[in-house]
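Asks: My questions will all concern the structure given below.
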């Protein structure tokens, strides 16, 4: 697996994350993990916890961002209201989303996108426990923060595309069209007729490239008169589904299913159940 902190997208936070990993691996007292009880906070929390478990490092979790007066802590912020920074003696690490340069266009133009707290937590977790089984199992979730982020609803997100390609190149994920997802959850997309999708899936292997393109175009035609999803998100939903190794459903479907945790319980309980599930199984 490629080391995330060496990627250009992480250059503005790489020094902080490397320093933090060294401090964490030297801790003698349990580190307190803080985040809001949201799906973004839980996605960030789960990979940090996985790396700590893999390395035998003691920790506690709280689903709020109130900083304690004593002891080491890591605070995860969903948005860009703060900045990623570190203080030591004791450890005080804040991880916050920020906008960075994602790719450089063929004309040399800068293409920026959100470096989410989720992606940064994955980078930190990889340094803490590069070969940890739980940490590696969660690798496909690296791009989940970018999937949830609103950038895909407005324009092309270069970081989402860069991370998706990175995961695909290293073999952590497969990128497949929707009919090749064994158990898709399209309940969030009322413009997809589930019967039509099932019919396409049943004859997918018999279709040539032109037939597949025609079938998918027919499937999504009702979405074209809507203001959402955006063209960028539509392409990811239908043509570029992210499948981790051993998964029966894609990343977007799992995120849709995860919302039920928050519908059934209060936010803190939902977040705790969600984090425990991801750490244990690596999927929802």
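Asks: Here are some residues: 168, 201, 172. Which one is under 24 Å from residue 260 (Cβ atoms) and either in contact with a helix residue (DSSP H, G or I) (Cβ under 8 Å, 6 or more places away or on another chain) or modelled with pLDDT of 95 or more (or both)?
Replies: 201
Asks: Continuing with this model, one more query. Under the condition of being loosely packed, with under 14 Cβ neighbours inside 10 Å and closer than 23 Å to residue 148 by Cβ, which residue from region 46-90 is modelled with the lowest pLDDT?
Replies: 81
Asks: Moving on. Could you count how many residues in region 19-29 are touching a helix residue (DSSP H, G or I) at 6+ places or on another chain (Cβ under 8 Å) and surrounded by fewer than 16 Cβ atoms within 10 Å (Cβ to Cβ)?
Replies: Residues meeting the conditions: 1.
Asks: So, one more: Going through 247, 239 one at a time, which residue ends up being under 18 Å from residue 186 (Cβ atoms) and more than 18 Å from the chain's Cα centre (by Cα)?
Replies: Matching residue, one of 247, 239: 239.
Asks: Going through 278, 234 one at a time, which residue ends up being without any contact (Cβ under 8 Å) to a residue 40 or more places away in the chain, part of a helix (DSSP H, G or I) and either touching a strand residue (DSSP E or B) at 6+ places or on another chain (Cβ under 6 Å) or buried (at least 17 other Cβ atoms within 10 Å of the Cβ) (or both)?
Replies: Checking each option against the conditions leaves just 234.
Asks: What single numbered condition from (1) touching a strand residue (DSSP E or B) at 6+ places or on another chain (Cβ under 9 Å); (2) more than 30 Å from residue 63 (Cβ to Cβ); (3) assigned to a loop (DSSP other than H, G, I, E, B) fails to hold for residue 249?
Replies: (2)
Asks: Please find, within region 91-114, the residue that is modelled with the highest pLDDT out of those that are in contact with a helix residue (DSSP H, G or I) (Cβ under 8 Å, 6 or more places away or on another chain) and surrounded by fewer than 20 Cβ atoms within 10 Å (Cβ to Cβ).
Replies: It comes out as 100.
Asks: Could you check region 262-275 and list, in sequence order, the residues that are without any contact (Cβ under 8 Å) to a residue 40 or more places away in the chain and part of a helix (DSSP H, G or I)?
Replies: 263, 264, 269, 273
Asks: Moving to a separate point now. Hey, among 126, 120, which residue is part of a helix (DSSP H, G or I), in contact with a strand residue (DSSP E or B) (Cβ under 9 Å, 6 or more places away or on another chain), under 23 Å from residue 19 (Cα atoms) and at pLDDT 95 or above?
Replies: 120
Asks: With a cut-off of at least 1 residues that are within 13 Å of the chain's Cα centre (by Cα), name the helices (runs of 4 or more DSSP H) lying wholly within region 138-213.
Replies: 144-148, 158-170
Asks: If you don't mind, another one. If we scan region 30-43, do we find a residue that is buried (at least 23 other Cβ atoms within 10 Å of the Cβ), closer than 22 Å to residue 161 by Cβ and touching a helix residue (DSSP H, G or I) at 6+ places or on another chain (Cβ under 9 Å)?
Replies: yes
Asks: Just to be sure before I move on: is residue 210 exposed (fewer than 14 other Cβ atoms within 10 Å of the Cβ) and touching a helix residue (DSSP H, G or I) at 6+ places or on another chain (Cβ under 8 Å) in the structure I sent?
Replies: When the stated conditions are applied, residue 210 does not pass them.
The values are calculated or read from the model by the stated rules, or taken from the named source; none is laboratory data. What you see is a predicted model, and the numbers here were worked out from it, not measured in a lab. Positions of Cβ are generated from backbone atoms using ideal geometry, with glycine treated the same way; all protein chains shown enter the neighbour counts.
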